[in-house]
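Data block below; observations after.
Please treat every number below as a calculation from the coordinates, not as lab data. As the structure is a computational prediction, the values presented were derived from the model and not from experiment. Cβ sites come from the backbone with ideal geometry, for glycine too, and all protein chains shown count toward neighbours.
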Amino acid sequence: MDLARTDFHLDGRWVAASCPETLPVRNPATEEIIATVPAGTADDVDRAVSAARAAFDGWAAAAPADRAAGLGRLHDALTARADDIARTIACELGTPLKMATQVQAGLPLAVLRSYVELAARPPAEQTVGHSLVVREPVGVVGAITPWNYPLHQVVAKLAPALAAGCTVVLKPSELTPLVAYLLFDAIDEAGLPPGVVNLVTGTGPVVGEAIAAHPDVDMVSFTGSTAVGRRISHLAADRIARVALELGGKSANVILDDADLATAVKVGVGNAFLNSGQACTAWTRMLVHRSRYDEALALAARAAEGYRLGDPFDPATRLGPLVSAAQRQRVRDHIERGLADGGRLVFGGPDAPVPERGFFVAPTVIADVDPDSALAQEEVFGPVLAVIPVDDDEHAVAVANNSRYGLAGAVWSGDEERAVRVARRMRTGAVDVNGAPFNPLAPFGGYKQSGLGRELGSHGLDEFLQTKAIQR
Ligand code: NAD
């Protein structure tokens, strides 16, 4: 597999970047540079936006069945590349190959499939008195995505945007840009009209800001950190452009006293450590009823012990490295601060053994975490679980809601109605009761500083439509 790419994809063709500068892409398990990609400039963004603008009228006017057929061909072309996608993400992000295959490649394929069906249905029109209310595509969308689910986060924007009739300029994360090249190979094979989707790689401050500030970009759809989401909002606000934001999280996993504790803790630890803890939805705060607290800590330590660190291509590996040396340092600092703030180390920690090469951090469980401390409030983005005792349902809800974030969460109870009552009171965009599986058709997005808008399913499609009233 040749991972090195040198071009952008603009107006339906691979074209040379305007500037010779490149950005290195590192394999975080080996620390070696495995490829370089072009460092785009504002001029490249301009070319990409012009292509998307020129393609917009035709794509917006295409029959929904034709757009759906295009997405269907893209789904087929990506499916044919599923193994390469998983291997590329294992190389650029360090996700263990099994998980890369099931989630990093499997999830975007499922999401894309769902939009083939949704794209085929024209948006519903409504008659309100003498008005005909119609839904129309927003226009040119700038999509800016992070590194932790490098294909899923792109598809979660691209598929609904295209289904709605929008055209797109994509900037993937500079840390994991390689899988986007496979996507654009698939886009070529699917024969989408030129300019409907365009790729510019580069850094956030240069390419990302040029997209967010571009006068011809009608909407910026961003997934990433809350700090960058704020910056993008400011840039878009200057010209009143629409913004959709999928940001950080610090989700609570509430384990009530009548829960099936063994399952709740095992699944909870698995969720917190998924993708080495580099997941915006990770249940990084485990809130356990005091009467089951010690038992839960013992179970959490036992579960953490099973997360073997190692080579992402070794089938025995359950936890890969973090994406970069900087991310490893941030996570180590969080662990040390959490312990200095009074947390009690139950498993892992700063001195636990990790492979010599690669940006690894040992799976770590810290108990007695003060709900107001940094470890309970800040997004760590590493395999670090904070465990907090709670007195009753009321207290659990208060601690769960004591966060500036509100993206995901969980509740466990032997009484499903009680669990749903607690779930309803949690100020967060999604709650899983008793380990219910992820639903790629359900709306996904945040309350509070976790974001604005929703992705996935019909709610995700709505984000890329605007409403017109025609009076007759
Ligand atoms: P990040 O905010 O640093 O970067 C995200 C993207 O924004 C990258 O493509 C980056 O190049 C670009 N960017 C950086 N600075 C920019 C600027 N000034 N202007 C425009 N674009 C800029 O985030 P990250 O480190 O790549 O990803 C981790 C973060 O993403 C975490 O906070 C995580 O919670 C969040 N995330 C959220 C979701 C969600 O759906 N809510 C999903 C995944 C990740």
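In percent, rounded to a whole number, the relative contact order of the chain is 18, using alpha-carbon pairs under 8 Å and six or more apart.
Gyration tensor over the Cα atoms of segment 33-166: the corresponding equivalent ellipsoid has semi-axes (square roots of 5 times the eigenvalues, largest first) of 31, 20, 12 Å.
Per-residue ellipticity at 222 nm computed for the chain from its helices equals -11500 deg cm²/dmol, with DSSP H segments shorter than 4 residues left out and the rest contributing -39,500 (n - 2.57). Between segment 1-69 and segment 76-114, how far is it from one alpha carbon centroid to the other, in angstrom? For segment 1-69 versus segment 76-114, the Cα centre distance is 19 Å.
Qualifying trypsin sites (Lys or Arg not before Pro) in segment 1-91, where qualification requires a DSSP coil assignment and no more than 10 other C-beta atoms within 10 Å, are lacking entirely. Counting beta carbons within 10 Å around each of 441, 247 and listing the fewest first gives the order 441, 247.
Computed from point charges on the beta carbon alone (+1 for Lys and Arg, -1 for Asp and Glu), the dipole magnitude for segment 11-97 about its Cα centre is near 240 Debye. Hydrodynamic estimate: the Kirkwood radius of the chain over Cα pairs, inserted into Stokes-Einstein at 37 °C and 0.692 mPa s, corresponds to D of 144 µm²/s. Within the chain, helices built from complete DSSP H runs that reach 27 Å or longer along their own axis (Cα positions) and carry a mean Kyte-Doolittle hydropathy of -1.0 or higher are 42-61.
Among 364, 203, 226, 467, what is the fewest-to-most ranking by other Cβ atoms within 10 Å?
Sorted ascending by nearby Cβ count, the order is 467, 203, 226, 364.
Most simply put, the chain has about 45% antiparallel DSSP beta bridges, counting only bridges with both residues inside it. Of the GluC sites (Glu not before Pro) found in segment 119-216, the ones in coil according to DSSP and having at most 13 other Cβ atoms within 10 Å of their Cβ are 125. Residues 250, 468, arranged from fewest to most other Cβ atoms within 10 angstrom of their Cβ, appear as 468, 250.
Of the trypsin sites (Lys or Arg not before Pro) found in segment 286-320, the ones in coil according to DSSP and having at most 14 other Cβ atoms within 10 Å of their Cβ are 308. A simple charge model with +1 on the Cβ of Lys and Arg, -1 on the Cβ of Asp and Glu and nothing else charged puts the dipole of segment 180-245 at about 400 debye relative to its Cα centre.
The ellipsoid that matches the Cα gyration tensor of segment 170-307 has semi-axes, each √(5λ) in whole angstrom, of 41, 19, 12, with the longest given first. If one computes the Cα centroid of segment 218-232 and of segment 147-185, what distance in Å separates the two points? So the separation of the two Cα centres works out to 15 Å.
Projecting the Cα atoms of 279, 247, 220 onto the charge dipole of the chain, computed from C-beta unit charges around the Cα centre, puts 220 farthest toward the positive end. Seen from a random direction on average, the alpha-carbon convex hull of segment 263-318 projects onto 4.2 square nanometres. Each Lys and Arg Cβ is given +1 and each Asp and Glu Cβ -1; about its Cα centre, the chain then shows a dipole of about 620 debye. Reported to the nearest whole Å, the Cα centre-to-centre distance from segment 304-325 to segment 379-397 is 24.
Pairs of Lys residues in the chain are counted when their Cα atoms are under 24 angstrom apart and they lie 8 or more places apart or on different chains; the count is 7.
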